[in-house]
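In what follows, a single structure is set out as structure tokens and then discussed.
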2 protein chains.
Amino acid sequence: MKQLRNQPEKVVAEALEGMALAYGDLVEVHRDPNYIRRKGIPPAGKVAIVSGGGSGHEPMHGGFVGHGMLAAACPGAIFTSPTPDQILAASQAVQGGSGVLHIVKNYTGDVLNFQLAADLLQEAGVAVRQVIIDDDVAVQDSLYTAGRRGVGATVLAEKICGAAAEAGASLDAVAALCTSVNASARSMGLALSPCTNPETGQASFTLGENEIEFGIGIHGEPGRQRIPWQPADTLTEMLMLPIVEDLPFKKGDEVLLFVNGLGATTLLELNIVYRAAETLASRHGLKVSRRLVGSYMTSLDMAGVSITLLRLDESMRSYWDAPVCTPALRWGL
Amino acid sequence: MKQLRNQPEKVVAEALEGMALAYGDLVEVHRDPNYIRRKGIPPAGKVAIVSGGGSGHEPMHGGFVGHGMLAAACPGAIFTSPTPDQILAASQAVQGGSGVLHIVKNYTGDVLNFQLAADLLQEAGVAVRQVIIDDDVAVQDSLYTAGRRGVGATVLAEKICGAAAEAGASLDAVAALCTSVNASARSMGLALSPCTNPETGQASFTLGENEIEFGIGIHGEPGRQRIPWQPADTLTEMLMLPIVEDLPFKKGDEVLLFVNGLGATTLLELNIVYRAAETLASRHGLKVSRRLVGSYMTSLDMAGVSITLLRLDESMRSYWDAPVCTPALRWGL
């Protein structure tokens, strides 16, 4: 697989340099340690939300830095957790005296390194809370995880909690909201092709000509089973049923429906899946009131899709609707 | 290549149904004939801009329908021109008495069918102008084209002219602005992989393990030459030089730099190319004042990139900055 890169070991660094040039009106990119932060002085009286994880999932998380969302994001090497010093430096740079919330996807390295950074931050007198996102119903434990993996709910939690922080909610309130978003969200995904690591040139796994990895993780880690290709409507139903049953989502629930491309999947396909997913949600009596369709949490160039359902309450809905201005999500401003 | 679809012949129709559900707050999707139009009554006193072309280039054009951009978009079958009756129906539905501008990419079928629709519109008493976009410097004629192909400048023309129409500029003024954007823009692209037509399951062409199609068209039509893989900085320079020399862009020119993914290319790669492109532009003495990075004009799941440079004047810059609210481009509102 050919890719647009120079030296493999410079992929993340050069992409960050590109982001610094392309989005200099919104963000500042700090190098060594690497983090992307909101432009300008950290606003006093507002909680700073910091997230991060391995690179290769763009636009997550760097694309979510800006007004109404993240204060900073820490990109690790490809599919590799950011280091505690990155997280510490980013948190210190953007905290404005009202505390820091770390939103952490449930992967062992991420959890460990964010915890180390949080300990150091606390020693330095900065109030910090950590919320772990673990919304993936596919598997109970996985290659990189004790417990469920964190996937699509991360995007929703960062948007909703970012709006709460922007509105001046306290650290405890923003952390409680984040916990509530995670508890109200469920996701699952599937892959039609593996992804190729640009640092190594290696495919993450192999799939037969007619095979699908059902319940895929965002690093290509195995899901529930290999299945033969099925029509999109069937695959969508196979993803939706375990999601709906797990929470469980109940008749009359108001929901946000998020159909996420894993990288190489076309918008034609995402819209076909969206059509099937909203139709199924309505058939289950769910009231889809908010929607997101696009490739927001990717696995490099993997072809595939994930679906996330979030049960909305009034506060989540109004924070979802609040203005946001980041490289990847912009509305209302 | 596996894809997320049901029956191949329903790909476009079902994707349109998905768009109708996902973006019902912004657009209405009309079926038979197919078009996507801005929600609500056509504003009186404003020019309606209508575009269209084969499906498979999403989010173009349907994703550009909304406040400050297109009044309607006509999607054909995959890589197939929309029919005159689609274009006529869409134009009639959205015209508010101040005329219609057709923005047409230079492909023989598109030009012919938009011309037929324009003739019928004019017979019906609707003032109509047509601007052909032909910004691709790769080849002088091609498989589907007499003259140069229309590529990335289309996105920029639709944004800039959409803002002018929104501001109440006359049909003649919006058409003149569109002509000026096209005359001030140059583009070229390359492919690292072919794309797969979901209606036929066929790859558009074949490429060797280490080969790149340099000067690719957005339907997979041949470019200038097949070349072996090169580092991203080299490939970017190979694209930038013919673009800069063709207009020619001159030292001191203020430009918008648009790095566009062709479908399966990751944001990591696009940002690496963006970094190289802006660095080269600056080295040529160009002043990059506006930027766009993302997959806005795709070729299904093709891996590759195109670069577009637009020489900005003050009016284009201010229309670029004006609010836009569409499924694919949103800011300032």
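The values are calculated or read from the model by the stated rules, or taken from the named source; none is laboratory data. Please read all numbers here as calculations on a predicted model, not as lab measurements. Cβ placement follows ideal geometry from the backbone for every residue including glycine, while neighbour counts extend to all protein chains displayed. Side chains included, ligands, DNA and RNA excluded: accessible areas come from the protein's heavy atoms. Shrake-Rupley method; radii C 1.70, N 1.55, O 1.52, S 1.80 Å.
Descriptive notes on the structure:
- Using just its DSSP H runs of length 4 or more, each adding -39500 (n - 2.57), chain A gives a mean residue ellipticity at 222 nm of -10000 deg cm²/dmol after division by all residues.
- Evaluated at q = 0.08, 0.14 Å⁻¹: base-10 log I(q)/I(0), Debye formula over Cα of chain A: -0.33, -1.07
- Mean silhouette area of segment B:82-220, derived from the convex hull of its C-alpha atoms and averaged over all directions, reads 9.4 nm².
- Shape class for segment B:54-139, computed from the alpha carbon gyration tensor (a ≥ b ≥ c): prolate, with a/c not under 1.5 and a/b above b/c.
- Averaged over the residues of peptide B:291-298, the number of Cβ atoms from other protein chains lying within 10 Å of each residue's Cβ is 3.
- Here is the size of the protein assembly as shown from its Cα atoms: Rg then Dmax, 23.6, 77 Å.
- Shortest-first distances to equivalent copies, position A:Pro228, nm, label 7 Å out along Cβ: 4.3
- From the largest down, segment A:1-146 spans 48, 41, 24 angstrom on the principal axes of its Cα atoms.
- Here the Gaussian network model covers chain B, with springs between Cα atoms less than 10 Å apart; of B:Arg275, B:Arg224, B:Arg283, B:Arg283 fluctuates the most.
- Sorted into 10 angstrom bins from 0, the C-alpha pair distances of segment B:185-312 split as 14, 46, 30, 9, 1 percent.
- The rotation axis taking chain B to chain A passes closest to this chain B residue's Cβ, listed with the gap in Å: B:Ala264, 2.
- Cubic angstrom per residue, convex hull over Cα atoms of segment B:228-290: 91
- Each part gets one Cα centre, and for segment B:97-134 versus segment B:29-93 those centres are 12 Å apart.
- Other protein chain Cβ atoms within 10 Å, averaged over every residue that makes up A:301-311: 2
- Whole-percent pair-distance distribution, where bins are 5 Å wide, for the alpha carbons of segment B:117-173: 4, 15, 18, 17, 20, 16, 8, 2
- Taken residue by residue and averaged, Cβ atoms of other chains lying within 10 Å of the Cβ of B:221-234 number 2.
- Overall form of segment B:264-333 per C-alpha gyration tensor (a/c, 1.5; a/b vs b/c): oblate
- The charge dipole of segment A:185-312, taken about its Cα centre with unit charges on the Cβ of Lys, Arg, Asp and Glu (plus for the first two, minus for the last two), comes to roughly 620 debye.
- Within a Gaussian network of chain A (alpha carbon springs, distance under 10 Å), most fluctuating of A:Ala71, A:Ala157, A:Ala146: A:Ala146
- HN-Hα J in Hz across segment A:129-136 - Karplus 6.51, -1.76, 1.60, θ = phi - 60°, x for Gly and Pro: 10, 10, 10, 9, 9, 8, 9, 7
- Cα centroid separation, segment A:174-210 to segment B:178-205 (Å): 29
- Label point of A:Pro248 (7 Å along Cα→beta-carbon): distances to the other copies' equivalent points are 7.2 nm, sorted ascending.
- Each Lys and Arg contributes +1 and each Asp and Glu -1, all at the Cβ; summed about the Cα centre of chain A, the dipole is approximately 620 debye.
- Bridges between two residues of segment B:10-184, per DSSP, are antiparallel at a rate of about 30%.
- Whichever lysines have a C-alpha closer than 27 Å to that of B:Lys10, once near sequence neighbours (fewer than 8 apart) are set aside: A:Lys287, B:Lys2, B:Lys39, B:Lys105
- Put the Cα centre of segment A:1-28 next to the Cα centre of segment B:282-301 and the gap is 14 Å.
- Accessible-area ranking of B:Thr206, A:Thr234, B:Thr154, largest first, probe 1.4 Å: B:Thr206, A:Thr234, B:Thr154
- Considering only segment A:185-312, percent of DSSP beta bridges that pair antiparallel, nearest 5: 70
- For segment A:64-105, the fraction of C-alpha pairs more than 12 angstrom apart is 63%.
- DSSP bridge pairs, the protein assembly as shown: antiparallel proportion in percent, nearest 5: 55
- When chain B is treated as a Gaussian network with alpha carbon springs shorter than 10 Å, the biggest mean-square fluctuation among B:Met69, B:Met19, B:Met297 belongs to B:Met19.
- With label points defined 7 Å past Cα in the direction of Cβ, position B:Ala176 shows copy-to-copy spacings of 6.1 nm, given to one decimal and shortest first.
- Coordinate range along principal axes, alpha carbons of segment A:1-87, Å, largest first: 47, 27, 20
- On a per residue basis, segment B:10-184 carries 31 Å² of accessible surface, using protein heavy atoms and a 1.4 Å probe.
- Label-point gap, in nm, between A:Asp25 and A:Lys287 - each point 7 angstrom along Cα→Cβ: 3.8
- Of A:Ile133, A:Ser81, A:Val259, farthest towards positive along the dipole that unit charges on Lys, Arg, Asp, Glu beta carbons give chain A: A:Val259
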